[in-house]
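To start, the structure under review is shown below, and the notes come after it.
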Amino acid sequence: MAERSAPIFLKYLRPDKDFPTVWCEGCGIGIILGAILRAVDGLDIDPAQVGMVSGIGCSGRMPVYADFCTMHVTHGRALSFATGLKMARPEMKVMAVMGDGDAVAIGGNHFIHAARRNLEMVAVVVNNMTYGMTGGQFSPTTPMGDPSYTSAYGTVEPAFDIPVLAVASGASFVARTTVYHVMEMQKIFARALAKKGFSVIEVITNCHTYYGKMTGMKTAVDMLRWMKEATAPITLAEDRREGKMPRGVFVDREMPEYLESYMGLLERAREDKERLVAAGLPVP
Amino acid sequence: MKNESGWVAPSTPEHVLGLVEEAMKDDEQLIMLHPDWCKSCALCVDVCPKDCLEMDGPLPRLTDAKLCTSCGMCEYLCPDFAIHVLKLRWQKG
Amino acid sequence: MITAENTALSLDRFWDGNRACAEGALMAGLRFYGGYPITPSTEIAEFLSWRLPQEGGVFMQVEDEIAGLATCIGASQGGMKAMTATSGPGFSLMQENIGFACMAEIPVVIVNVQRMGPSTGQPTRPAQGDLMQAIWGTHGDHPIIVISPSSVQEMMAIMVRAFNLSERFRTPVIVLTDEVIAHMRERVTLLDPASLELWERPTPEKDLPYLPYADTPSGVPPMAAFGDGHRYHVTGLFHDEHGFPVVSEAAMDAWTRRVFRKIEDHLDVVCAWEVRVGDQVFGAHQIDHALSAIAACEALIVSYGASARSAVAAAAGRPFATLRLQTVWPLDDKRLGNLLAASRQTLVVEMNRGQMLREIQRIAGGRSPVRGVLRWDGELVRPADIVAEARHG
């Protein structure tokens, strides 16, 4: 059944910002932005109640294009700024968009604590296995042995498995997808935005300009074909995945959500103060 | 507004939205491209399940309108919001 | 005898500086604290951990000082008055985000309870070694306001001033105190809410187009809180009036000039100090009256923070004038220069190797001799040492 559908998500792009975007041709970050906007559109929420906070790097350039309340903060600290914003404005939908370096290198500490705290928020990790903005150095998610501009002889350290890190840290919704798998990505974003808890979505993205060029995948097309071949649904049993990287929803569980717990604390504090005042004791 | 190749050239989202809504009034037109935003990455060409897009110089071109099913994959995969499917065939779920 | 009745009626408390800091901040409208414990500031967090929720605010103990300041800035962007408290090692960690608050012009208050440094230093002993860091610790040319209390009562009142300046000028404000003020107990009187003047950040009209970084006569653009209806972009990159990143020399030059102008054009509001000669007290606006009094004295003793207590003790009963700086940055070069020029000799008293001393020497410009009475071993400067330097130095 055909439906007329205007690209209404265009409404969520800043009307006065110059396009085309700053990213390289074929860069998956633009695909992620589109998926986020479509997912937000599905929420039917006032864009002025949506917050998007990014760190530093190519993915950090995303929020300026989105017509929400947007912040482009210091490297690795997006989750912390987003935490403060969410606590000040609990009714806002808050997203943090980070690169692999931003989220699990310099931002690693904030990543694990935000997951542990489980404050309602959507953390998108744009994983292109490189530090693109600075010209292609390796990151904690660069596969071991791969060359880069700071690993001419190949890296000698293993890479993080981001969903595993997020699950271990306590996040309540954890997923991995790729920019090739756009429909899956949109559905995962929609679920994460509706989840009452801390969601981590790793999106494998193509940096053919640096990572791909150094590993034999010189174009966006090459890299997206690789994503299709190199990943398999997590719903398949492990022995049927042929050693491919699992994608899909790793965990969707109920954990105590931080705001809800804090509201309980506020109630206890309020009662305590009332008790003091009723007893004629000074506050402070 | 259309130039002689049939394409339009906007530069802000506000402008594009108006052009798309205008293009939707034409029942014959299946997709719309705005060349100012296209960076020639060819992801749309590669992902089309019906292989009905090809690169014509720097821009993609619909080769055979009868093949297009309006699935929307070219639009979803475009990183630059440069191509739009005007009558989207949705499969829910 | 203390009863519930007469305790509740009294406005007097016997508090240490850290408690006074916490309560002063609450009276100023603090509603978000994000921070990490560190000696000798920890008690500020401990008090706020139960006082802020009592007042309906948010207290968060986060994973490190970097997150501490970042959560505060995020909360301030959401419209809450926010602060963090720390000491040297944590203050060093916060420098990058202080710069972010300067660049994005987001109000926030940072309390640095100074201890000996560098590095781990001596956590339980006072120093004033972070002055230049408070001013220049974050990279790049940036304006900032740094203020310093000298008593527990002033610690409470200065928090109101800190938030007021932060809101009005859309800037981070650093309250530079030290372990002496933080841990000493003095009798304080609670501030009277009815007579408190609280300044709020200027806000834009709700239904009109809004440029978040447009120039205004004061140099301070109105600031819309996220969630109140206006959507805009905040970034640490150089940006234009829309908040969009720019690279043109003209735009970056314009921004730099405006943010310095927004504070430097208002030194009469920002700069506070007190000149004492005998029983007479002259505020920053009474400089002309102070000049002749200073000229008649043997020496002018310049100081700030806990060291001002040493200065005042040294001056008691002697023909010495004291200049106690409450605002330690920016410095009103012109008016301070006149004060210094009137003095026969100037001594600068501080617990460091001479950070304010260099500034005072610069401002005096050779018009009167300026020397330091300095100490950096974890003890207050002795009044006797100040007297000796004044008379025999």
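Restricting C:Phe59, C:Phe32, C:Phe47 to residues that are assigned by TED's automatic domain parsing to the domain that holds C:Val113 and part of a helix (DSSP H, G or I) narrows the list to C:Phe47. The residue that is surrounded by the fewest Cβ atoms within 10 Å (Cβ to Cβ), counting only those in region C:1-48 that are at pLDDT 95 or above and of a type in the set (Asp, Glu), is C:Glu46. Considering the conditions (1) touching an Asp or Glu at 6+ places or on another chain (Cβ under 6 Å); (2) farther than 25 Å from B:Trp37 by Cα; (3) more than 14 Å from chain C (Cβ to nearest Cβ); (4) not β-branched (Val, Ile, Thr), A:Gly30 is excluded by exactly one of them, (2).
Restricting attention to region A:104-118, the residues that are under 15 Å from A:Lys196 (Cα atoms) and either within 11 Å of the chain's Cα centre (by Cα) or within 10 Å of another protein chain (Cβ to nearest Cβ) (or both) add up to 3. Those strands (runs of 3 or more DSSP E) of region A:1-103 in which 1 or more residues are within 19 Å of the chain's Cα centre (by Cα) and surrounded by 24 or more Cβ atoms within 10 Å (Cβ to Cβ) occupy A:50-54, A:69-72, A:93-99. Apart from one condition, C:Ile181 fits all of (1) assigned to a loop (DSSP other than H, G, I, E, B); (2) hydrophobic (A, V, I, L, M, F, W, C); (3) over 30 Å from C:Met252 (Cβ atoms); the exception is (1).
Given the residues A:Thr70, A:Thr74, A:Thr83, which is the only one that is within 23 Å of A:Pro20 (Cβ to Cβ), touching a Gly at 6+ places or on another chain (Cβ under 8 Å) and modelled with pLDDT of 95 or more?
Details: A:Thr74 fails: within 23 Å of A:Pro20 (Cβ to Cβ); A:Thr83 fails: within 23 Å of A:Pro20 (Cβ to Cβ).
Residue meeting the stated conditions: A:Thr70.
Of the listed requirements (1) closer than 20 Å to A:Tyr211 by Cα; (2) hydrophobic (A, V, I, L, M, F, W, C); (3) at pLDDT 95 or above, A:Val22 misses just one: (3). List, please: which pairs have Cβ atoms under 9 Å, are six or more places apart or on different chains, and start with a residue in region B:64-90 that is crowded, with 24+ Cβ neighbours inside 10 Å and end with one that is of a type in the set (Phe, Trp, Tyr) and assigned to a helix (DSSP H, G or I)? Between residues of region B:64-90 that are crowded, with 24+ Cβ neighbours inside 10 Å and residues that are of a type in the set (Phe, Trp, Tyr) and assigned to a helix (DSSP H, G or I), the close pairs are B:Phe81/A:Phe9.
Residue check: A:Met71 meets all listed conditions (1) facing chain C (nearest Cβ under 9 Å); (2) in contact (Cβ under 8 Å) with a residue 24 or more places away in the chain but one, namely (2). Total residues in region A:45-57 satisfying the condition of being over 15 Å from A:Gly107 (Cβ atoms) and more than 8 Å from chain C (Cβ to nearest Cβ): the figure is 4. Residue pairs whose Cβ atoms lie under 8 Å apart, sitting 6 or more positions apart in sequence or on different chains, and linking a residue in region A:56-68 that is over 21 Å from A:Asp100 (Cβ atoms) to a partner that is assigned to a helix (DSSP H, G or I), are A:Asp67/A:Lys11; A:Asp67/A:Tyr12; A:Asp67/A:Pro47; A:Phe68/A:Tyr12; A:Phe68/A:Val40; A:Phe68/A:Pro47; A:Phe68/A:Ala48.
Screening A:Met92 on (1) at the interface with another protein chain (Cβ under 7 Å from one of its Cβ atoms); (2) more than 20 Å from C:Val62 (Cβ to Cβ) shows it passes everything except condition (2).
In region A:199-207, is there at least one residue being over 23 Å from A:Ala168 (Cα atoms) and away from every other protein chain (no Cβ under 11 Å)? So far as region A:199-207 goes, yes, one or more of its residues are over 23 Å from A:Ala168 (Cα atoms) and away from every other protein chain (no Cβ under 11 Å). Considering region C:337-365, and only residues there that are within 15 Å of C:Leu300 (Cα to Cα) and of a type in the set (Gly, Ala, Ser), the residue that is surrounded by the most Cβ atoms within 10 Å (Cβ to Cβ) turns out to be C:Ser343.
The values are calculated or read from the model by the stated rules, or taken from the named source; none is laboratory data. Being a predicted model, the structure only gives us computed values, none of them experimental. So basically every Cβ, Gly included, is an ideal-geometry build from the backbone, and we count neighbours across all protein chains shown.
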